[in-house]
Amino acid sequence: MKRIVVIGGGLIGIRHVQAAQAHEGCDLVGLVDPNMGIDAGDVARFADMADVPDGVDGAIIATPTGLHAAHGIAAAKRGWHVLIEKPVAADMEGAQALQGALANAGLRSLVGHHRRYHATVQQLRAMLEEGAIGTPVTASLIWAMRKPDDYFEGNWRTTGGSPVMINLVHDIDILRFVLGEISDIACLAGTPLRDGGRIESGAVALRFERGATATISFADIAPSPWGFEAGTGENPNIGTTNQDMMWITGTQGGISFPSLTQWNGVDWGQAAQTVPVDVAVNETVPLAAQLDHFLDVIGGAAPLIDVADATRTLQVALDIETQLRGTGAAT
């Protein structure tokens with residue numbers, strides 16, 4: 001039984017609280033959040049990390065991104081292994097400082113890019129590695145949702161609510177996970193349509209070290225059926241459409257995701273044909289599977305994505321954000 005504390009009582013923090021409460025391998029010590037009015041059910045409450053009693057094995061950090069590094073370093077000083085929500089930090093300096101603190105304390109880390117735990121994501125990676133469509137050549141990905149206006153009102157998202165760091169960072173990590181490291185980036189920003197001057201939409205082109213290229217089209221101002229959450233139904237706060245949102249081509253065919261519809265062909269003289277695929281089903285909810293893995297990581301297992309790995313995803317997201325601002329997305 002591992003003693004776990006959750007830090008941060010926002011939407012994702014409460015989901016972590018519920019997951020820990022339901023897990024037979026967890027003893028939930030409590031929730032840390034200065035807002036003691038948050039409804040977290042029958043859970044011990046602490047206004048500050050310093051108030052948490054000794055004996056904690058691991059901390060799940062689900063505070064705003066700008067606090068991740070500071071809270072992770074504070075957890076390391078308490079001797080707690082950490083599961084940190086994505087993105088791992090707000091900037092490279094914070095991520096590097098966090099990595100150093102964990103290494104110096106001999107502690108293990110996991111970062112909450114929980115999409116890696118989806119059975120279909122794992123299957124997609126395996127199919128590409130096994131050569132199901134030959135050598136990967138291109139990928140096209142869409143994330144297009146309309147966030148309600150009040151999502152940005154009276155909170156940190158008013159000025160810092162870019163979908164790159166909140167949403168696209170997940171898609172970047174999935175592309176890294178299935179296609180490898182990213183070597184080059186080029187971006188164009190769309191014109192903001194809401195007040196506030198935030199980045200709202202844009203196009204991103206990526207090149208991978210293995211030679212493939214990818215494009216990402218994104219918007220948080222446009223309702224559509226295309227996006228990871230809508231396609232997979234993973235988020236109870238986002239409507240499910242079951243539509244594909246990523247298409248990968250290779251020298252022998254293509255795959256669309258999340259349906260994992262596979263096409264194989266020879267050349268344009270004959271139509272590509274679909275190939276039957278036995279699509280994997282999540283045995284557990286990905287967030288719960290991530291918690292399973294965190295408990296194993298505390299026990300010494302190799303992490304699926306640690307702070308060092310997640311920092312590479314962060315660097316790509318920061319580069320994209322910088323380029324988009326440079327093309328006039330925000331003022």
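Overview of results
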item: Degrees separating the helix 92-105 axis from the principal Cα axis of the chain, which is the longest one; result: 60 degrees
item: DSSP beta bridges in the chain [antiparallel fraction, %, rounded to 5]; result: 55 percent
item: Karplus-derived 3J(HN,Hα), 6.51/-1.76/1.60, for each residue of region 25-39, Hz, glycine and proline x; result: x, 10, 10, 6, 5, x, 10, 9, 6, x, 7, 6, x, 4, 7
item: With every protein chain in place, the chain: carbon and sulfur % of accessible area (1.4 Å); result: 52 percent
item: Probe 1.4 Å - accessible area at Glu200, Å² to nearest ten; result: 0 Å²
item: Three-way shape call for region 275-331 based on the alpha-carbon gyration tensor, with the a/c threshold at 1.5; result: oblate
item: Cα-based helix-to-principal-axis angle, 11-22 vs the chain, degrees rounded to 10; result: 70 degrees
item: Cα-based helix-to-principal-axis angle, 119-129 vs the chain, degrees rounded to 10; result: 50 degrees
item: Cα gyration tensor shape of region 198-237, rounded if a/c is under 1.5, else prolate or oblate by comparing a/b with b/c; result: oblate
item: Separation in nanometres of the label points that stand 7 Å from Cα toward Cβ, at Asn242 and Asp42; result: 3.8 nm
item: Prolate/oblate/rounded label for region 172-282 (Cα gyration tensor, a/c 1.5); result: oblate
item: Å³ per residue enclosed by the Cα convex hull of the chain; result: 139 Å³
item: Accessible-area order (highest first, 1.4 angstrom probe) of the listed residues Tyr151, Tyr117; result: Tyr151, Tyr117
item: Under-5 Å amide H pairs with Thr241, H placed in peptide plane, nonlocal only; result: Gly231, Gly233
item: Inter-label distance for Val279 and Arg78, nm, one decimal - labels placed 7 Å from Cα along Cα-to-Cβ; result: 4.1 nm
item: Packing rank of 189-199, 162-172, 95-105, where each peptide gets the mean count of other beta carbons within 10 Å, highest leading; result: 162-172, 95-105, 189-199
item: Cα-based radius of gyration of region 1-154 once divided by 2.2 N^0.38 Å, which approximates compact folds; result: 1.21
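The values are calculated or read from the model by the stated rules, or taken from the named source; none is laboratory data. Computed from a predicted structure; not experimentally measured. Don't worry about glycine lacking a Cβ; one is built from the backbone with ideal geometry, like all the others, and counts go over all protein chains shown. The protein model used for the area step is the full one, side chains on, heavy atoms only, and it has no ligands, DNA or RNA in it. Shrake-Rupley method; radii C 1.70, N 1.55, O 1.52, S 1.80 Å.
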